[in-house]
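Enquirer: Below is one structure. I have some questions about it.
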Amino acid sequence: MQTIDTYDFSGKKALIRVDFNVPLNENFEITDDTRMRKALPTIQAVLAKGGSAIVMSHLGRPKGPEAKFSLKPLVNHLSELLGGVKVAIAPDCIGDETQALADALQPGEVLLLENLRFHGEEKKGDEDFAKQLANLGDCWVNDAFGTAHRAHASTAVMAKFFPNDKMFGTLVSSEVESLDKVVANPQRPFTAIMGGAKVSSKITIIENMLDKVDNLIIGGGMIFTFVKAMGGNIGSSLCEDDYLEMAKNIVEKAKEKGVNLIIASDCVAADKFANDANIETVAAGDIKEGWMGLDVGPDTIATFKEVIGNSATVLWNGPAGVFEMENFAAGTVAIGDAVVEATKKGAFSLVGGGDSVAAVNQFGISEGVSYISTAGGALLEYLEGKDLPGIAAVRS
Ligand code: AMP
């Protein structure tokens, strides 16, 4: 398989699928350029190796060509980020004019294509559209992990036009490498910490993880579906009654597979969903009518810390409680600290999923974990054990 390092880009036009889906304010100013910055190493490598870059992305959810979803506001910033490299913008992502601009592109130059989703064919994975994109360049580089779970024209389908000239960009390859340290060949003991609001959104990952982990920690609002399933009183805590059977199954499966399943033994209960609520620490299955569990309690925290501290691989997805409110943040803070401690001792730690990444940033511990994945849906599907079209297309 080709990589950015092995491929000879000299004189070649590299079609690079990036994720430039950045937030813009009402004046079309970029309010967070993280995604653009993350794509720089790949673009820079192509240019440094004598190639030119045809950069393509989607932005937002246009229903056809809509000026407010144009990539034009990104051109100057991309040029600045690349240290003044000339960046031109094409009027479209396909068509005669775009083809002419691509044909005229010289080594060291960058052409940014207009929003791919101005054409409905992109999301449909239309082969003819993919071919028109492919005609613009000599090789295809997928550096958009965030859309790797979509079989779109630019993220997967166009791979077929570059059987020997396709590769991951540096962002996707580091993401895949890090995820595989967890999913494919984890050092043991391996602990997965699954938190967040709902069992329903995490159930497939939990089931997949049961085949891989030594310890499975359940945190967040999900706890209470498990506690209720096992006969506890959970008051008005978050609960998905449709998932009670599923929760019981997971407890059974964990036993069968010898997985140490850790569900909170105690919790911080509140009489309303507010930071100034009255609070008390109670057993997780002993919550009064009208009260709700909003964080894990001190006994649970102690167990979490011990288990995480003895782990060689840690995956953390989702907070232990309502960490956005100070009085219910202790469990999530403790997990963060324990993950950082384990990492210091040599564990590989991966934090992924919107809210745990937000927590890690909020608590200022992002430097202390091995890898942070911001990929959202693609990450979740990878953890669920699914083959991602954008990854498979490069590997096949
Ligand atoms: P998710 O997007 O599923 O990862 O859920 C994250 C959200 O779950 C965060 O906004 C937390 O505030 C919320 N959450 C965590 N624990 C609880 C809980 N015990 N009760 C209600 N919400 C919770």
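Enquirer: Go through (1) over 23 Å from residue 316 (Cα atoms); (2) among the aliphatic types (A, V, I, L, M); (3) within 11 Å of the ligand (Cβ to nearest atom) and name the single condition residue 274 misses.
Expert: Only one criterion is unmet by residue 274, namely (3).
Enquirer: Now, a different point. Would you be able to tell me the number of residues in region 64-89 that are part of a loop (DSSP other than H, G, I, E, B), open to solvent by 50 Å² or more (accessible area, probe 1.4 Å) and modelled with pLDDT of 95 or more?
Expert: 4
Enquirer: Would you tally the residues in region 331-357 being in contact with a Pro (Cβ under 9 Å, 6 or more places away or on another chain), within 12 Å of the ligand (Cβ to nearest atom) and open to solvent by 10 Å² or more (accessible area, probe 1.4 Å)?
Expert: 1
Enquirer: Just a yes or no: is a residue in region 349-365 in contact with a Leu (Cβ under 6 Å, 6 or more places away or on another chain) and modelled with pLDDT of 95 or more?
Expert: So far as region 349-365 goes, yes, one or more of its residues are in contact with a Leu (Cβ under 6 Å, 6 or more places away or on another chain) and modelled with pLDDT of 95 or more.
Enquirer: Still on this structure, please answer the following. Give 100, 159 a once-over and let me know the one that is touching a residue at least 12 places away in the same chain (Cβ under 8 Å) and either in a helix (DSSP H, G or I) or over 26 Å from residue 50 (Cβ atoms) (or both).
Expert: Going through 100, 159 in turn, just one is touching a residue at least 12 places away in the same chain (Cβ under 8 Å) and either in a helix (DSSP H, G or I) or over 26 Å from residue 50 (Cβ atoms) (or both): 159.
Enquirer: Please tell me if residue 184 is open to solvent by 40 Å² or more (accessible area, probe 1.4 Å), at pLDDT below 95 and away from the ligand (no atom under 16 Å from the Cβ).
Expert: Here the answer is yes, as residue 184 does meet what is asked.
Enquirer: Between a first residue in region 268-296 that is assigned by TED's automatic domain parsing to the domain that holds residue 229 and among the polar types (S, T, N, Q) and a second residue that is open to solvent by less than 50 Å² (accessible area, probe 1.4 Å) and within 12 Å of the ligand (Cβ to nearest atom), which pairs have beta carbons less than 6 Å apart while being 6 or more apart in sequence or on different chains?
Expert: 275/325; 281/268; 281/297
Enquirer: Follow-up question, since we're still on this one. Please count how many residues of region 292-313 are away from the ligand (no atom under 12 Å from the Cβ) and among the hydrophobic types (A, V, I, L, M, F, W, C).
Expert: Total satisfying the criteria: 6.
Enquirer: Condition first: part of a helix (DSSP H, G or I) and open to solvent by 30 Å² or more (accessible area, probe 1.4 Å). Now tell me which residues in region 187-207 satisfy that.
Expert: From region 187-207, those part of a helix (DSSP H, G or I) are 203-207; that's our starting set.
Matches in region 187-207: 204, 207.
Enquirer: Going by the structure shown, is residue 215 more than 12 Å from the ligand (Cβ to nearest atom) and either open to solvent by 50 Å² or more (accessible area, probe 1.4 Å) or at pLDDT below 95 (or both)? It would help to see each step written out before you state the result.
Expert: Values: more than 12 Å from the ligand (Cβ to nearest atom): yes; either open to solvent by 50 Å² or more (accessible area, probe 1.4 Å) or at pLDDT below 95 (or both): no.
Judged against the criteria, residue 215 is not a match.
Enquirer: Being in contact (Cβ under 8 Å) with a residue 24 or more places away in the chain and under 12 Å from residue 109 (Cα atoms) narrows it down to one of 57, 52, so name that one.
Expert: 52
Enquirer: Next question. Residue by residue through region 161-188, note down the ones that are of a type in the set (Asp, Glu) and under 22 Å from residue 208 (Cβ atoms).
Expert: Within region 161-188, 175, 177, 180 qualify.
Enquirer: Tell me which of these residue 101 doesn't satisfy, since it passes every other one: (1) touching a strand residue (DSSP E or B) at 6+ places or on another chain (Cβ under 6 Å); (2) open to solvent by less than 50 Å² (accessible area, probe 1.4 Å).
Expert: Looking at each condition in turn, residue 101 falls short on (2).
Enquirer: Quick one: residue 114 ticks every box in (1) of a type in the set (D, E, K, R); (2) out of contact with any Leu (no Cβ under 8 Å at 6 or more places or on another chain); (3) part of a loop (DSSP other than H, G, I, E, B) except a single one, so which number is it?
Expert: Evaluating residue 114 over (1) of a type in the set (D, E, K, R); (2) out of contact with any Leu (no Cβ under 8 Å at 6 or more places or on another chain); (3) part of a loop (DSSP other than H, G, I, E, B) leaves (2) as the failure.
Enquirer: Name the residues in region 207-251 that are touching a Pro at 6+ places or on another chain (Cβ under 8 Å) and without any contact (Cβ under 8 Å) to a residue 40 or more places away in the chain, would you?
Expert: Across region 207-251, the qualifying residue is only 212.
Enquirer: Here is a follow-up. Can you say whether residue 174 is surrounded by fewer than 20 Cβ atoms within 10 Å (Cβ to Cβ) and among the hydroxyl-bearing types (Ser, Thr, Tyr), as far as the supplied structure shows?
Expert: Yes; evaluated as a whole, the condition is true for this residue.
Enquirer: To continue, here is another question. Of all residues in region 6-25, which are open to solvent by 40 Å² or more (accessible area, probe 1.4 Å) and of a type in the set (Gly, Ala, Ser)?
Expert: Passing the criteria: 10, 11.
Enquirer: Limited to region 278-291, what total is found for residues that are more than 12 Å from the ligand (Cβ to nearest atom) and either buried (at least 24 other Cβ atoms within 10 Å of the Cβ) or closer than 30 Å to residue 384 by Cα (or both)?
Expert: Looking only at that region, the number is 1.
Enquirer: Additional query: Looking for something under 20 Å from the mean Cα position of the chain (by Cα), within 12 Å of the ligand (Cβ to nearest atom) and assigned to a helix (DSSP H, G or I) - is there at least one such residue anywhere in region 314-324?
Expert: No, region 314-324 contains no residue that is under 20 Å from the mean Cα position of the chain (by Cα), within 12 Å of the ligand (Cβ to nearest atom) and assigned to a helix (DSSP H, G or I).
Enquirer: Among the residues of region 2-30, how many are of a type in the set (D, E, K, R) and more than 15 Å from residue 137 (Cα to Cα)?
Expert: So the count comes out to 4.
Enquirer: Say we look at region 26-53 and pick out the residues that are within 23 Å of the chain's Cα centre (by Cα) and open to solvent by less than 50 Å² (accessible area, probe 1.4 Å); which of these is farthest from residue 393 (Cα to Cα)?
Expert: So the residue we want is 30.
The values are calculated or read from the model by the stated rules, or taken from the named source; none is laboratory data. All figures in this text were calculated on a predicted structure; none of them were measured in a lab. Note: ideal-geometry Cβ built from the backbone for every residue, glycine included; neighbour counts use all protein chains shown. For the accessible areas, the whole protein counts, side chains as well, though only heavy atoms, and no ligand, DNA or RNA atoms are used. Shrake-Rupley method; radii C 1.70, N 1.55, O 1.52, S 1.80 Å.
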